[in-house]
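Structure first, commentary second.
The values are calculated or read from the model by the stated rules, or taken from the named source; none is laboratory data. The structure displayed is predicted, hence computed values, not measured ones. Every residue, glycine as well, gets a Cβ built from its backbone with ideal geometry; the counts of neighbours run over all protein chains shown. These area figures cover heavy atoms from the full protein model, side chains too; ligands, DNA and RNA do not enter into them. Shrake-Rupley method; radii C 1.70, N 1.55, O 1.52, S 1.80 Å.
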2 protein chains.
Amino acid sequence: MEELFFYSLGGIGDVNKSLYVYETEKDLIIVDCGVGFPDTTMLGVDLLIPDISYLLTKKHKIRGIILTHAHEDHIGALPYLWGDLRAPLFATKLTAGFIANKFRDFSLSAPIKVINPGEKITLGDFTVDFVRVNHSVPDATHLIINTPYGKIYHGSDFKFDLTPLDGKVSDFGKIASAGDEGILCLMSDCLRSERSGYTLSERIIEEQLDKEISLCQGKFMVTALSSDIYRWQMVINVAKKHHRKVVPVGRSVEQAIVTARRLGYLNIEQNTLLDSKQIKSFPAEHLCILISGSQGQAGSALNRVANNDHQHVKIREGDVVVVSADPIPGNENAVHIMIDALTKLGASVSYSEVDDDLHVSGHAASQELMLLMALTKPKFLIPIGGTYRQMKRYLKLAEAMGHKKENVFLLESGQQVIFKEQKATLGHKIELKNVLIDGLGVGDVENIVLRDRQQMAKDGVVIVVVSIASATGNLTAQPEVLFRGFIHMKESEKLINESKHLVKEAIKGHFGKILDWQFIRKKIESTLGKFFWDQTARHPMVLSVIIEV
Amino acid sequence: MEELFFYSLGGIGDVNKSLYVYETEKDLIIVDCGVGFPDTTMLGVDLLIPDISYLLTKKHKIRGIILTHAHEDHIGALPYLWGDLRAPLFATKLTAGFIANKFRDFSLSAPIKVINPGEKITLGDFTVDFVRVNHSVPDATHLIINTPYGKIYHGSDFKFDLTPLDGKVSDFGKIASAGDEGILCLMSDCLRSERSGYTLSERIIEEQLDKEISLCQGKFMVTALSSDIYRWQMVINVAKKHHRKVVPVGRSVEQAIVTARRLGYLNIEQNTLLDSKQIKSFPAEHLCILISGSQGQAGSALNRVANNDHQHVKIREGDVVVVSADPIPGNENAVHIMIDALTKLGASVSYSEVDDDLHVSGHAASQELMLLMALTKPKFLIPIGGTYRQMKRYLKLAEAMGHKKENVFLLESGQQVIFKEQKATLGHKIELKNVLIDGLGVGDVENIVLRDRQQMAKDGVVIVVVSIASATGNLTAQPEVLFRGFIHMKESEKLINESKHLVKEAIKGHFGKILDWQFIRKKIESTLGKFFWDQTARHPMVLSVIIEV
């Protein structure tokens, strides 16, 4: 086949668990390998990872896994999937450092080749050129993927920050010259396509942090996503200016700070940095605490502080807590509850929802997305990394730039696009299932289990145990009826007695040896289901167990 | 006692289920009686209502219930609680109309006295003067409550809209003259105390709606809270201008439109209004649909439309849906999922999160809150209707206005404040419990039931059934082990066999007749609980049932 296939196993029509595939007849490369976050209907599920069953049939062709930047939704699934994929990893220095931490946490090791932006690698049919772009984490890259069938521009999460904190502006020259050479297809971040204008520079936050710290009488505490290295650098800068020691608190922040500093992405003077155990030896007004838990996660450092349950950090009147992160959708309540708890303990809390200058997005708004189109001048466009409405808005932007509707593909994960002779057509759609991480296991919570949990979560469970003499089909004892999470047992004597009666009635019709136990169980369950609905307007899960004696 | 007591049974330190009480030795009045919305930890609970057990001990003193405006969090609990309280109701015309609808839905009837803003009523020791203010629903009021111990200004939800749609500006004259006469205490809305400046006028939305409708090629659909009568009026205005018929869809919106129109709060020409059944007889570009479900509620009209499951409304390419409401915290996901589904069906969706001009708050921002302080010149201040962090910000505003910290009370619901001889002190704190509405019942889901649901929701349930010969204590059959919502039964043969073995082991130690069944059950449950945790890192609820044979 003289064709190039593109598809994603996550990260299209969805913001997370990014995994993109480029495939020719003999070679295949993977771009990113991220985790997703379960929505509130997936009770008890910790993480989602891409379904790679399809990839495993092509394992012999996989030449490498390229990671575009260090965010969880782009690298987080590696420890779960690398054992199956076992392909060499390629990433820029900081991304590689974060991946190495991750593997260490899982007691795994994998070869990671560190790439400098600007460097090229060849993986079979693919020659991949790494392009420096800006994002909320340093060392983020786009990829120019040269294939025998055309040049692809893989525009992962980015923004064009013209005044980035590290001075490393996106490599416009390289992007533009790739555009001049001719790009067959642009895959582009579209998460913020609905916002007009430009995303603000990360740099504006430093001024606001400076204002906050200069008014702070007690401990100055900032929370952000642990990989927000630029943000930590700004906090460290204002701490230095106001003669405060810097204390990372919480495992993910401590690890991120150590790694970023070791690799040269964070500038902290040695005598500035304290360990959390040293907090008690310094007066509050000399401390600046960088703390994990910006999403209000249960068990995170800031969450424990808010519950007055942290070993080293106690809130006192005069302390200031700055929440420099927007809640990920679904986390709003947890964050608001945490902010309220911190306020009650005496902290003054500033947060990005009220003060816009405390957080800026890492994603390009519509002007920047259109600028990327103008620079790359692609023949075809595929928005990635956004929901359907954001892809649709991206389509509008592309149309405004003169692109034809039929040249912009709004895909779903699993949908293949085939590039052949400078044309693009839709191919096969790979069926993907949700792969969930729950407790120690991978992929072992299936839909039926989730549905059961949802029903139990809503209305509880009723368990009926019936012991029947197998010879006669007669009850050998009173049926047992148990409620859990349905209504309080104490108040339900009448309901229990009536249901016992109904169970007996349901069985009565059968004389002699019962052959079809399954039928009896169904009958008991549907009779009681209807009865409970009539009585309480609730649908508990009814489970019957029949004991043959 | 020569004292006035003030306390709330909901609506302080919390935005919802407002119920405030003013009490003297012989008389008691209630202000508002609202519902609350459960947070995501209260699985399966539909609504929260105030705990009125304390009030019921004072039932003989209750002279009336005053409702300040027609929002659910201020009137929604009336049908649940009026049967116990049975006091006369007082409200302005539109509020009374909405309450009457509510009672009719519950097949109840209650006497409601309609009050005109500016009118005074006397209820025992209390003479209550109704003051017109602005809010997102028309006919909202503040109360000047004259008591033998001083004058109280009850400043329920409000904003000072200087260009309200109905031209009825807040009654500044009355507020100011009450201030001149001397206000002992100001109870004030504080929900938006964190926002600087003024809240925008509702009127600005009409211009944006006009822009949206003039670009719309198909059906024009708007969703908002059903009681947002001003917003519906603006939608009706632009529909008229663009020669579209108006179709209310969804029970709550239909009811709100009918009631507001009948009472003179909505101006719609008769020949403009269609029934949803008539939708199919008109071309899409002649329709303007007012639809319920702005919070993405399951089963709401817009939710059914988004799932392509509405009898009369089908989305077609060219349709525009405007979401003119911010998601209530906790509903963000549901709203985003709905917007995505509508977009996939072909609608172009505009929503307030992206376009600020599509929604304005009904609550006063800090400048307006300070203006109310300036007008009323109170001796004491109590922020109500906000969370703790919003009360604390209100305190800062009061301090900026020259009020002393000790004259501003940051309360919790149940905390009594005693006014005596122009002084205010904290009194007793009434213990309040959560009263939950679930299915048909009131207050019948207790904490233990909720906790059970949470555990089952997270990790599922394991049921063990053991039949034992009561005489010997020996098993009469293999134990039965059932999983639900834990791990998939099919994949768990090994786990089930091992747990059966463990159950046998747990029982084995007991020779002869078993006396303490409870002990055996606990032993089975704890043995298996530990085993499952070791094997799967999950904590399913383990339930054992022992059948004596």
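Computed from backbone phi, the HN-Hα couplings of segment A:195-207 come to 8, 7, x, 9, 6, 5, 6, 3, 4, 4, 5, 4, 4 Hz, rounded to whole numbers (Karplus: 6.51 cos²θ - 1.76 cosθ + 1.60, θ = phi - 60°; Gly and Pro given as x).
Residues with beta-carbon under 11 Å from that of A:Ile229, excluding A:Ile229: net charge, scoring Lys, Arg +1 and Asp, Glu -1? All intermediate terms of the calculation are to be shown ahead of the outcome.
Numbers: positive: A:Arg231, A:Arg261; negative: A:Asp139, A:Asp166, A:Glu202, A:Asp228.
Here the count lands on -2.
Across identical copies of the chain, B:Lys522 has label-point separations of 4.2 nm, listed in ascending order, with the point defined 7 angstrom from Cα along Cα→Cβ. How many percent of DSSP beta bridges within the protein assembly as shown run antiparallel, rounded to 5? Expressed as a percentage, antiparallel bridges in the protein assembly as shown total about 50.
All Cα-Cα separations within segment B:203-355 were binned at 5 Å from zero, giving a P(r) of 2, 10, 22, 25, 23, 13, 4, 1, each value a whole percent of the pairs.
Fully extending the segment from B:His242 to B:Lys522 would add 93.7 nm, taking 0.36 nm per residue of separation and subtracting the current Cα-Cα distance. Summed over both chains, the accessible area lost when B and A associate is about 5600 Å², using a 1.4 Å probe. Taking only protein heavy atoms and a 1.4 Å probe, the accessible area of segment B:203-355 is 48% carbon and sulfur.
Expressed to the nearest 5 percent, the antiparallel share of DSSP beta bridges inside chain A is 50 percent.
Within 10 Å of each Cβ in B:528-536, how many Cβ atoms from other chains are there, averaged over the peptide?
On the way: counts 0, 0, 0, 0, 1, 1, 1, 3, 5.
Whole-number average of other-chain Cβ neighbours for B:528-536 is 1.
In segment A:1-93, what percent of the accessible surface is made up of carbon and sulfur (1.4 Å probe, ligands and nucleic acids excluded)? The value for segment A:1-93 is 51 percent carbon and sulfur by accessible area.
Order of B:81-94, A:59-72, B:99-112, A:309-322 by packing, highest average Cβ count within 10 Å first? Don't skip to the answer; put the middle values down first.
On the way: B:81-94: 19.3, A:59-72: 22.2, B:99-112: 14.4, A:309-322: 17.6.
Most protected by this proxy first, the peptides run A:59-72, B:81-94, A:309-322, B:99-112.
Shape class of segment B:95-242 from the alpha-carbon gyration tensor: oblate, with a/c at 1.5 or above and b/c at least as large as a/b. For A:Arg316, inter-copy separations between label points set 7 Å beyond Cα along the Cβ vector come to 7.0 nm, shortest first. With the largest listed first and rounded to whole Å, the semi-axes of the equivalent ellipsoid of segment B:165-258 from the Cα gyration tensor are 35, 15, 14.
Please give the average number of partner chain Cβ atoms lying within 10 Å of the Cβ of each residue in A:475-488, rounded to a whole number. List each step's numbers first, then the result.
Values: counts 0, 4, 4, 1, 1, 4, 1, 4, 2, 10, 15, 5, 7, 7.
What the average comes to for A:475-488 is 5.
Dividing the summed -39500 (n - 2.57) terms of all DSSP H runs of n ≥ 4 by the residue count of the protein assembly as shown sets its mean residue ellipticity at 222 nm at -9500 deg cm²/dmol.
For B:Lys504 and B:Leu56, a Förster radius of 51 Å and the Cβ-Cβ distance give a FRET efficiency of 0.45, rounded to the nearest 0.05.
Each copy carries a label point for A:Lys433 at 7 Å from Cα along the beta-carbon vector; from one copy to the others these points are 4.4 nm apart, nearest first. Could you tell me what % of all Cα pairs in chain A have separations over 30 Å? Result for the distance tail: 58 percent. Just the protein heavy atoms count here, and of the accessible area of segment A:117-180 at 1.4 Å, carbon and sulfur take up 49 percent. Taking only alpha carbon atoms, the protein assembly as shown gives an Rg to Rh ratio of 0.98, where Rh is the Kirkwood radius. Express in % the proportion of alpha carbon pairs of segment A:248-323 at distances exceeding 15 Å. Roughly 58 percent, once rounded to a whole number. Under 25 Å between alpha carbons, and skipping anything fewer than 8 positions from A:Lys530 in its own chain: which lysines qualify? Within reach: A:Lys458, A:Lys490, A:Lys494, A:Lys500, A:Lys504, A:Lys508, A:Lys522. Legend: mean number of C-beta atoms from other chains within 10 angstrom of residue C-beta atoms, peptide B:86-93, equals 0.
In a fully extended conformation the segment linking A:Lys168 and A:Ile204 would gain 11.3 nm over its present Cα-Cα distance, using 0.36 nm per residue.
Taking every protein chain into account, the accessible area of chain B amounts to 39 square angstrom per residue (probe 1.4 Å).
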